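One structure is given below, encoded as structure tokens.
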Amino acid sequence: MDLSIIIPVYNSEKTIIELINELEAQINNIYTYEIIFIDDYSMDNSYEVLKNEAKLNKKIKVIKLIKNYGQQNAIYAGLNFVKGKYIITMDDDLQHCSDYIVKMIEKINEGNDLIYGVSESNSKMSYKNLGAFSRDLFFKMNFPNVDYHKVSSFRVFRSSLVERILENNYKFIYLSAILLEITDKIDYIDVCKRKRIHGKSNYNFIKLMKLFLKLNFYYSHFISEKIKPRGNQYRIEKKINL
């Protein structure tokens, strides 16, 4: 199989079908693939929509988590089931354009292990941009030997990295921090990030600051490994087509 596409889902009942249709339109005749959706304890009908779509298409795989663990831990859960040569992670809100996937695969085949799809930051100051700046500063400070410090949840990496990712047993998972530890063959492509059509971001200033503090506590090289909590990254309630 060529591609395993991992998509964490939270309260996205209005975008799931459109996202599936868009992905299939872009890759159906080019790659063999599976789409693994992880429902991170949505409070709407996301799981019902996913369940119905999975009945119609065996390429769609669904994991339902027993409680809300957060985007990063949900992706980690999905990584335990991938079969593809390349792993793709993207968001569930249609802001990531699936027509960049082919370009990202071409870029990784230039000798890279990891490709990020990076959009230009909005020049307007906001708590979201402040959160992104703080995150990028963390990577610059903690990974001085890695040339590339701007990360994104839209990425492609080789399945050869999965086993080493899953060796991480921190209670809080941050995939990019793990990836930058295990490879320096990293590049990116410029992408356009679409405006959100349905709903609103699940992040606010407080959540972003908590995320930043967790990132620094668990993945800073200046914090002792002995005090970092381990295990219980996720628990699965149901699986479909897996």
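The values are calculated or read from the model by the stated rules, or taken from the named source; none is laboratory data. Values in this document were obtained by computation on a predicted structure and should not be read as measured data. Methodologically, a virtual Cβ is constructed for each residue, glycine included, from the backbone with ideal geometry; neighbour enumeration extends over all protein chains shown.
T15 fulfils the conditions (1) under 20 Å from I108 (Cα atoms); (2) within 19 Å of the chain's Cα centre (by Cα) except for a single criterion, (1). Figure legend. Inter-residue proximity from segment 167-184: first residues in contact (Cβ under 8 Å) with a residue 40 or more places away in the chain and farther than 18 Å from Q71 by Cα, second residues acidic (D, E) and crowded, with 16+ Cβ neighbours inside 10 Å, beta-carbon distance below 7 Å, spacing 6+ or different chains. Indicated pairs: T183/D113. Summed over segment 153-171, the residues that are under 23 Å from K214 (Cβ atoms) and buried (at least 20 other Cβ atoms within 10 Å of the Cβ) give a count of 4.
If you check S159 against the conditions, is it closer than 16 Å to N112 by Cβ, modelled with pLDDT of 95 or more and not charged (D, E, K, R)? Taking the combined requirement at face value, the residue satisfies it.
Return yes when F81 is hydrophobic (A, V, I, L, M, F, W, C), under 18 Å from the mean Cα position of the chain (by Cα) and more than 22 Å from Y116 (Cβ to Cβ) and no when it is not. For F81, the condition - hydrophobic (A, V, I, L, M, F, W, C), under 18 Å from the mean Cα position of the chain (by Cα) and more than 22 Å from Y116 (Cβ to Cβ) - is met.
Of the residues F212, F172, F143, which single one is hydrophobic (A, V, I, L, M, F, W, C), modelled with pLDDT under 90 and out of contact with any Asp or Glu (no Cβ under 9 Å at 6 or more places or on another chain)? If you could, list the steps in order and put the result at the bottom.
Details: F172 fails: modelled with pLDDT under 90; F143 fails: out of contact with any Asp or Glu (no Cβ under 9 Å at 6 or more places or on another chain).
Within the list F212, F172, F143, the selection yields F212.
Here I36 meets each of (1) outside any strand (DSSP E or B); (2) of a type outside the set (K, R); (3) surrounded by 13 or more Cβ atoms within 10 Å (Cβ to Cβ) with one exception, condition (1).
The set of residues in segment 1-28 that are closer than 13 Å to D99 by Cα and surrounded by fewer than 20 Cβ atoms within 10 Å (Cβ to Cβ) comprises N21, E22, E24, A25, Q26, N28. Residue count for segment 92-128 under the criterion of being modelled with pLDDT of 95 or more, surrounded by fewer than 17 Cβ atoms within 10 Å (Cβ to Cβ) and either in contact with a Phe, Trp or Tyr (Cβ under 8 Å, 6 or more places away or on another chain) or polar (S, T, N, Q) (or both): the result is 1.
Quick one: in segment 31-70, of everything that is among the aliphatic types (A, V, I, L, M) and in contact with an Asp or Glu (Cβ under 8 Å, 6 or more places away or on another chain), which residue is nearest to S98 (Cα to Cα)? So that I can check it myself, show each step before the final result.
From segment 31-70, those among the aliphatic types (A, V, I, L, M) are 35-36, 38, 43, 49-50, 54, 56, 60, 62-63, 65-66; that's our starting set.
With in contact with an Asp or Glu (Cβ under 8 Å, 6 or more places away or on another chain) added as a condition, the list becomes 49-50, 60, 62-63, 65-66.
Details: V49: 20, L50: 19, I60: 16, V62: 19, I63: 21, L65: 25, I66: 29 Å.
It comes out as I60.
Going through I66, I75 one at a time, which residue ends up being in contact (Cβ under 8 Å) with a residue 60 or more places away in the chain, in contact with a strand residue (DSSP E or B) (Cβ under 8 Å, 6 or more places away or on another chain), among the β-branched types (V, I, T) and under 22 Å from I108 (Cα atoms)? The conditions single out I75.
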